[in-house]
Amino acid sequence: MDIVLTVDMEPDCPPFLNTFKGIEQGTEKLLSLFGRLGVPATFFFTGMVAQAYPHIVKQVLDAGHEIGCHGDSHTPFTQLDRHGAAKEITDSLAVLRRFERVVSFRAPNLVFPEIYLNLLAENGILIDSSLARYKMGYLFRTKNPPVKRLPVSATSSVLRLPGWIRTPYLGALSSPMVLFVHPWEFVDFRHTNLRLDCRFKTGDMALDCLEQVISGFDKKNGPITFKQARDYITPGGGKTIGPQSDRFSLKSRLSKRYSKDEPWKTDMLSTGVCE
Ligand SMILES: [Zn+2]
């Protein structure tokens with residue numbers, strides 16, 4: 001099983017807050033955890049965060065992690081025309097590429113219009129991680145995209161669920177298992193009026209959950225390898241990485257979605273917009 005740990009470096013719980021406590025307080029907790037467990041990750045920065053917190057970008061790079069692009073302002077690409085979409089990408093990359101070569105991208109809210117995929121290719125992006133296997137958009141993805149696609153496997157709040165729900169859910173996911181978190185989840189937002197799925201078990205409890213997830217992967221079906229998004233760059237045209245089998249046909253997925261007996265096996269557990 002290959003695991004890809006990713007972190008979306010953005011304002012706190014967008015679009016509900018416009019503070020940066022996660023960047024300021026959560027990043028170092030994540031870096032320390034990843035360092036202690038010896039796992040690499042990919043950190044998708046918005047251009048604005050990288051511009052405002054260059055020392056944090058450097059800390060991430062110094063720790064051996066990859067930096068990727070998460071747009072410039074965290075505006076959903078569905079709200080942008082082609083010119084606006086191109087500007088979000090080029091503005092962000094102009095900042096991020098001052099630090100390192102950037103080849104990986106993830107759209108805010110894991111929603112990226114398929115008609116904008118060539119904007120990524122034109123700007124030297126080789127890996128797009130904007131698809132989510134548990135969202136309907138995955139079913140209608142472009143067959144021959146101009147960039148490789150590395151879909152996300154589960155939404156971040158799943159990792160904060162109790163182990164008896166989380167473990168079987170994660171255990172049913174296919175390789176590569178692409179997980180993501182946000183630094184603001186490691187700041188205590190429990191006593192705010194944020195949506196429940198955004199705020200529950202935030203702070204140190206979230207960090208404990210993430211440690212349990214990373215150190216608890218089941219090795220009985222083979223070794224566990226932690227990878228970064230850029231590790232999936234290979235020659236040739238675009239393709240969606242991961243299982244291409246009939247398991248993901250529209251019919252089978254929709255019928256699985258409503259499986260009452262084993263709901264964790266559906267890959268369709270999504271808690272909403274905090275992505
Ligand atoms: Zn985001």
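The values are calculated or read from the model by the stated rules, or taken from the named source; none is laboratory data. Here the structure is a predicted model, which means the values were calculated and not measured. For neighbour counting, all protein chains shown are included, and Cβ atoms are generated from backbone atoms with ideal geometry for every residue, glycine included.
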Where in segment 11-117 are there helices (runs of 4 or more DSSP H), lying wholly inside it, with at least 2 residues that are within 19 Å of Phe180 (Cβ to Cβ), within 12 Å of the ligand (Cβ to nearest atom) and modelled with pLDDT under 95? none
Take Asp218 and decide whether it is surrounded by fewer than 15 Cβ atoms within 10 Å (Cβ to Cβ) and in a loop (DSSP other than H, G, I, E, B). yes
Residue hits (segment 120-141; touching a helix residue (DSSP H, G or I) at 6+ places or on another chain (Cβ under 6 Å) and more than 23 Å from Phe180 (Cα to Cα)) are Asn123
Answer from Lys135, Lys143 - the residue that is closer than 25 Å to Thr234 by Cα and at pLDDT below 95: Lys143
What residue, of Gly35, Gly22, Gly64, is over 21 Å from Ala94 (Cβ atoms) and crowded, with 21+ Cβ neighbours inside 10 Å? Gly22
Residues of segment 1-57 being more than 28 Å from Ala172 (Cβ to Cβ), under 18 Å from the mean Cα position of the chain (by Cα) and hydroxyl-bearing (Ser, Thr, Tyr), which ones? Thr27, Thr46
Residues within segment 86-106 that are of a type in the set (Gly, Ala, Ser) and free of Cβ contacts under 8 Å to residues at least 24 places away in the same chain, tallied: 0
When residues of segment 120-145 are limited to those that are assigned to a loop (DSSP other than H, G, I, E, B) and among the β-branched types (Val, Ile, Thr), the one nearest to the chain's Cα centre (by Cα): Ile125
